[in-house]
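These notes concern the structure reproduced below.
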Amino acid sequence: MKKVLFTLFTLLITTIMNGQTFLTLNNGVQMPQLGLGVYSIPAGETTYNSVLTALKCGYRHIDTAHAYQNEQSVGQAVKDSGIDRDSIWITSKLWPNEYGEGKTLKAIDRMLGRLGVDYIDLVYFHQSIGDYVGGWKEMEKALEMGKVRAIGISNFDVNDSIFNSLVETARIKPQIIQIECHPYAQRRHWHEMCAKNGMKIECWFPLGGRDSKGEILRDPVINEIAKAHGKSAAQVIIRWHLQEGFSVIPGSSNPAHIKENFEVFDFSLTDNEMQKIRSLDKEARYFNMPYEDQKKWFMQWNPED
């Protein structure tokens, strides 16, 4: 009991110090709600400096992937930050050619080596193709072995059938799903699916991504709310994600943007403002590659090449 109380007290102090909030996953693990995404950030100095900047600003959650080819840079920045490893949440993702019995555990071991860590906080299956049913059995083993603290699925929102083909056969259900989600595509169907299965949602392209060309950031409703709070449109959108109960991982290599994106814990949106942003939903996604094209392209690409 004393150990539990000490852990809760430490978590509370960490929350106050960093201004960070946490989500409790279905296995009881606490995950920092806001993180830095490093998708499309070049490996080496750019990723390294971006992660160090984020950690200095108070971030304690970094999201990478084998496919991003910058895991080593993330791991080195975490190591060099001087911050206790147990205080930093590291997420990475396996590519479809790493799914399958006899393959996935070995792939996780290689991931541990690239990151230079003893465990990974969260590992996703990156895409909903390949032998994800067979591979999930090894993800479950990795969780039980302590190699990872949580396991999840990314981009399994193609349709209910694909989602259910993994979730309904899993011995251990995923703790979380990562999908495109932002004010113009709020993915309400997936809110229901995840609530039914005790899963959290983590949002990529939370501000719309590059393909949006800043469309959501120019939205007049969002900018009106931002003006009322003396905040930027990006800060209002991130705050909306947090209050909806999502995990959110805006990506940037710009130090000013990294800092700005974390300065969202000193204000709250009113119920009326939340509803105004909810009214913007039109299920307009920015990534719309047909599933058959995804299967063709993703299966022929190897992050090791």
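How much of the DSSP bridge set in the chain is antiparallel, in percent, rounded to the nearest 5?
15 percent
Relative contact order for the stretch 114-215: what is it in percent, counting Cα pairs under 8 Å that are at least 6 residues apart? Before the final figure, lay out each step's value.
Values: 131 pairs, mean separation 23.5, N = 102.
It rounds to 23 percent for the stretch 114-215.
Rounding to the nearest 20 debye, state how big the charge dipole of the chain is about its Cα centre with +1 on each Lys and Arg Cβ and -1 on each Asp and Glu Cβ. Before the final figure, lay out each step's value.
Values: 34 positive and 37 negative charges, 93 e Å.
For the chain, the charge dipole is close to 440 debye.
For the chain, modelled as a GNM with alpha-carbon contacts under 10 angstrom, which of Q127, Q33, Q243 fluctuates the most?
Sorting by GNM fluctuation, first place goes to Q243.
Based only on the alpha carbon positions, what is the Kirkwood hydrodynamic radius of the stretch 135-291, in angstrom?
By the Kirkwood definition, the hydrodynamic radius is 16.9 Å.
For the stretch 90-180, rounded, prolate or oblate, judged on the Cα gyration tensor with a ≥ b ≥ c (square roots of eigenvalues), a/c < 1.5 rounded, else prolate if a/b > b/c?
Verdict is prolate for the stretch 90-180.
With θ taken as phi - 60° and the coefficients 6.51, -1.76 and 1.60, list the Karplus ³J(HN,Hα) couplings across the stretch 248-254 in order, rounded to whole Hz; mark glycine and proline as x.
9, 10, x, x, 6, 10, 8
Take the residue pairs K93/K200; K173/K259; K56/K141 and return only those whose Cα atoms are more than 27 Å apart.
Working: K93/K200 17 Å; K173/K259 35 Å; K56/K141 34 Å.
Checking Cα-Cα distances, K173/K259; K56/K141 exceed 27 Å.
Can you spot the aspartates and glutamates whose alpha carbon is less than 18 Å from K196's alpha carbon? Ignore those fewer than 8 places along the same chain.
The qualifying aspartates and glutamates are D157, D160, E168, E244.
For a label point 7 Å from the Cα of T270 along Cα→C-beta, name the residues of the stretch 237-253 whose backbone N is under 17 Å from it.
240
Would you be so kind as to identify which of A54, H182, W301 lies farthest towards the positive end of the dipole of the chain, taking Lys and Arg as +1 and Asp and Glu as -1 on Cβ and the Cα centre as origin?
The residue sitting most towards the positive pole is A54.
For S232, tell me the accessible area in Å² from a 1.4 Å probe, rounded to the nearest 10.
S232 exposes around 30 Å² with every protein chain in place.
Under 12 Å from the Cα of K231, which aspartates and glutamates turn up, not counting those fewer than eight places away in the same chain?
Partners found: E260, E263, D266.
Once phi is turned into ³J(HN,Hα) by the Karplus curve 6.51 cos²θ - 1.76 cosθ + 1.60 with θ = phi - 60°, what whole-Hz value does each residue of the stretch 191-203 show in order, with x for glycine and proline?
4, 5, 4, 6, 4, 4, 9, x, 10, 8, 10, 10, 10
Amide H neighbours of H61 under 5 Å, counting only residues 5+ apart in sequence or on other chains, H built in-plane at 1.01 Å?
L36, W89
Could you list, by residue number, the cysteines of the chain that have no other cysteine's beta carbon within less than 4.7 Å of their beta carbon?
C57, C194
What is the ratio of the Cα radius of gyration of the chain to 2.2 N^0.38 Å, with N the residue count, to two decimals?
Rg over 2.2 N^0.38 Å, computed on Cα atoms: 0.96.
With loop defined by DSSP as not H, G, I, E or B, and exposure as at most 15 other Cβ atoms within 10 Å, which is the longest segment of the chain clear of exposed trypsin sites (Lys or Arg not before Pro)?
Details: sites that count: R171, K213, K282.
The reported range is 1-170.
Let me have the 222 nm mean residue ellipticity of the chain computed from DSSP H runs of 4+ only, each contributing -39500 (n - 2.57), with the sum over all residues rounded to the nearest 500.
Only helices count here, giving -13000 deg cm²/dmol.
The values are calculated or read from the model by the stated rules, or taken from the named source; none is laboratory data. Predicted model only: the values in this text are computed from it and were never measured. A quick note on method: Cβ atoms are made from the backbone with ideal geometry, for glycine too, and the neighbour counts reach across all protein chains shown. Ligands, DNA and RNA are stripped out before the accessible areas are found, and what is left, the full protein with its side chains, is counted by its heavy atoms. Shrake-Rupley method; radii C 1.70, N 1.55, O 1.52, S 1.80 Å.
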